[in-house]
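K.L.:
This is the structure I want to talk about, given as structure tokens.
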Amino acid sequence: MMRAAFLLLMLPALIACAGILKITPVSSAEKERIIKRCEAPFLKNRWRLVHLISGTLPGGANASMIGVSVASPQGGGIRCILMSIEGFVFLDADYDGALVIKRGIGPFESESFVKGVIRDISLMLFRPGGEAAETGSSGEGPVCRYRSDGGVTEALMKDDGSVEIRAYDASLNLMRLVAFKKLRHDGIPGRIELTGYGLLRYSLELDLIEAERLD
Amino acid sequence: MNNIIRKLGRLISIVFLSAAFIGWGDTWDQIKKGAGTISSVEARFVQEKHMEILSRPLISRGTFYFQAPKSLRWEYTSPVRSILLMHDGSVKRYIKKGDTIMQDSSAGMQAMQVVLSDIVQWMKGDFNANPGFIPELKPGRVIILTPRDKSVADIIQRIELRLSNKPGVIRSVLIYESKKSYTLLDFSRVKLNARIPDSLFLGV
């Protein structure tokens, strides 16, 4: 019993240290099919998305807010607003290569904090940069691996039809885990779950309220 | 014939009631006096969030309950199910997602405590309670609250409260964060002085 409890407690740490997946190559036709599925949850056009965001923050506090984002995958521009359910805006930020905080209250005054928010949004909405460097099958399902100077990102197809993103730093430590669920017919996920690892652990659940294509 | 008399009677009573309400909301004393007759309020509300980033406002709906002296339940039913409770000075927020109920324990709840305390004071007809805002009474039962400090004005430019023609009732609240970002709360189907069970302010 104690052992089971210990294993449960250690599970997040074990996942964080598990390392990148071992990929077995597949035929080029199968490779193309996998890449298409890997990139299914990411935006292909400019969209306005409204989410209910519920999160467990570092330290264990729970928080809920509404997030509005206008995201353009071509160029990676993001306008992001976070507000309370009562409509009080905590953050209004614009990122288009450079970050502009139009309104930031409390922790959202900090540029480095908001840069982290924008990084997380980019990870959830945009396909990883560059071409899929390795594509194939793994013990956990078909997978695409993208490499950049900052680290490695893997998109993994799960048996239940959902897609999982694992983002590692340059030392291959798992930094973010993103699960896309309830994919709609237009490819927009009805639910996104993000877990941040590292020194400050947190988790976010984004439930889609509204989605509007803008181009 | 009886029907016509009943209709006439109703019309006369409406005229009399309207006459009684003329003058309500013209002075701070009248507002406080009107609010003093209120022991509870139950109202539906529609919240419109207007922002430059949105092509149409984000609409939320729910029910608002107030019980004197200072109990509130601010319940959103769509698009998000959220319940904000204030009772005996403590403030709690719950979010319902499917069958799951999650309590918000973030630092933002401290700010909500201040906001809800202000709303309780407004329900009592006291618009001077928060020293951070200068209240102004305008013709047509409109109260404007303007921040005294620039630091507050950078967050909230002004609040406009429109009073109903029913004494003690607020018809709408308009909160301007900037010229292009504001929240409108519009109250309807107001029930006054009905018995609201305490349990409604204690939990979800």
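The values are calculated or read from the model by the stated rules, or taken from the named source; none is laboratory data. Here the structure is a predicted model, which is why all the values come from computation and not from measurement. Accessible surface is based on the protein model in full, side chains and every heavy atom, while ligands, DNA and RNA are left aside. Shrake-Rupley method; radii C 1.70, N 1.55, O 1.52, S 1.80 Å.
K.L.:
HN-Hα J couplings of the stretch B:132-148 from phi, Karplus 6.51/-1.76/1.60, θ = phi - 60°, integer Hz, Gly and Pro as x?
P.N.:
Per-residue couplings from phi come out as x, 10, 9, x, 9, 9, 9, x, x, 6, 10, 10, 10, 10, 10, x, 6 Hz.
K.L.:
Could you give me the ³J(HN,Hα) list for the stretch A:109-122, computed from phi with Karplus coefficients 6.51, -1.76, 1.60 and θ = phi - 60°, whole Hz, x at Gly and Pro?
P.N.:
6, 7, 5, 5, 5, 5, 4, x, 4, 5, 4, 5, 5, 4
K.L.:
May I ask you to evaluate 6.51 cos²θ - 1.76 cosθ + 1.60, the Karplus curve with θ = phi - 60°, for each residue of the stretch B:67-81 and list the ³J(HN,Hα) values in order in whole Hz, giving x for glycine and proline?
P.N.:
Along the stretch B:67-81, the couplings run 10, 5, x, 7, 10, 9, 9, 10, 10, 9, 10, 7, x, 10, 9 Hz.
K.L.:
Quick one: check the C-alpha center-to-center distance for the stretch A:91-146 versus the stretch B:75-138, whole angstrom.
P.N.:
So the separation of the two Cα centres works out to 33 Å.
K.L.:
Quick one, can you get me the convex hull of the C-alpha atoms of the stretch B:51-204 expressed as volume per residue in Å³?
P.N.:
Value for the stretch B:51-204: 143 Å³ per residue.
K.L.:
With every protein chain present, what is the per residue accessible area of the stretch A:20-213 (1.4 Å probe, Å²)?
P.N.:
45 Å²
K.L.:
Over the stretch B:25-202, what is the relative contact order in percent, taking alpha-carbon pairs closer than 8 angstrom and at least six residues apart?
P.N.:
With pairs under 8 Å counted, the relative contact order is 26 percent.
K.L.:
If the viscosity is 1.306 mPa s and the temperature 10 °C, what translational diffusion coefficient in µm²/s does Stokes-Einstein give for the protein assembly as shown when Rh comes from Kirkwood over Cα pairs?
P.N.:
65 µm²/s
K.L.:
While we're on this one: What percentage of the solvent-accessible surface of the stretch B:76-165, computed with a 1.4 Å probe over protein heavy atoms, is contributed by carbon and sulfur atoms?
P.N.:
Percent of accessible area from carbon and sulfur atoms in the stretch B:76-165: 51.
K.L.:
Springs between alpha-carbon atoms under 10 Å, Gaussian network over chain A: tell me which of A:P189, A:P58, A:P41 tops the mean-square fluctuations.
P.N.:
A:P58
K.L.:
While we're on this one: Students often forget the sequence filter, so: which lysines lie under 16 Å Cα-Cα from A:K22 once same-chain residues fewer than 8 apart are removed?
P.N.:
A:K31, A:K158
K.L.:
Mean shadow of chain A, computed from the convex hull of its alpha carbons, in nm²?
P.N.:
Spelled out: convex hull of the Cα atoms, projected over all directions, averaged, 13.4 nm².
K.L.:
Please build a GNM for chain B, connecting alpha carbons under 10 Å apart, and tell me which residue among B:R171, B:R141, B:R56 fluctuates the most.
P.N.:
Judging by the Gaussian network model, the answer is B:R56.
K.L.:
Give me, ordered by chain and number, the residues 5 or more places off B:I134 or on other chains with an amide H under 5 Å from its own placed amide H.
P.N.:
B:T146, B:R148
K.L.:
Do any residues of the stretch B:78-96 show a loss of at least 50 square angstrom of accessible area between the isolated chain and the full protein assembly, using a 1.4 Å probe, and if so which?
P.N.:
So the qualifying set is B:V80.
K.L.:
Looking at the stretch B:146-189, which residues lose a minimum of 30 Å² of accessible area between their chain alone and all protein chains in place, measuring with a 1.4 Å probe and not counting ligands or nucleic acids?
P.N.:
Going by heavy-atom accessible area, the residues of the stretch B:146-189 that drop by at least 30 Å² are B:I155, B:E177.
K.L.:
Let me ask something else about it. For chains A and B, what's the summed buried accessible area, probe 1.4 Å, to the nearest 100 square angstrom?
P.N.:
Its buried surface, counting both partners, is about 2400 Å².
K.L.:
Run lengths n ≥ 4 of DSSP H only: what is the helix-derived mean residue ellipticity at 222 nm for chain B, with -39500 (n - 2.57) per run over all residues, to the nearest 500?
P.N.:
Mean residue ellipticity at 222 nm (helix-derived): -8000 deg cm²/dmol.
K.L.:
For each pair in B:K32/B:K191; B:K32/B:K166; A:K182/B:K49; A:K102/B:K180; B:K124/B:K166, compute the distance between the two Cα atoms and list the pairs where it is over 24 Å.
P.N.:
Among B:K32/B:K191; B:K32/B:K166; A:K182/B:K49; A:K102/B:K180; B:K124/B:K166, the Cα-Cα distance tops 24 Å for A:K182/B:K49.
K.L.:
Output the 0 to 90 degree angle, nearest 10, between the alpha-carbon long axis of helix B:2-21 and the longest principal axis computed from the alpha carbons of chain B.
P.N.:
Helix B:2-21 sits at roughly 60 degrees to that axis.
K.L.:
Report the Cα centroid-to-centroid distance between the stretch B:147-204 and the stretch A:19-33 in angstrom, as an integer.
P.N.:
One Cα centre to the other: 57 Å.
K.L.:
Another question, if that's okay. Before I look further, what does the stretch B:25-202 give for accessible area per residue, probe 1.4 Å, in whole square angstrom?
P.N.:
49 Å²
K.L.:
Can you give the relative contact order of the stretch A:68-126 as a percent, counting alpha carbon pairs under 8 Å and 6+ residues apart?
P.N.:
Contact order relative to length: 25 percent.
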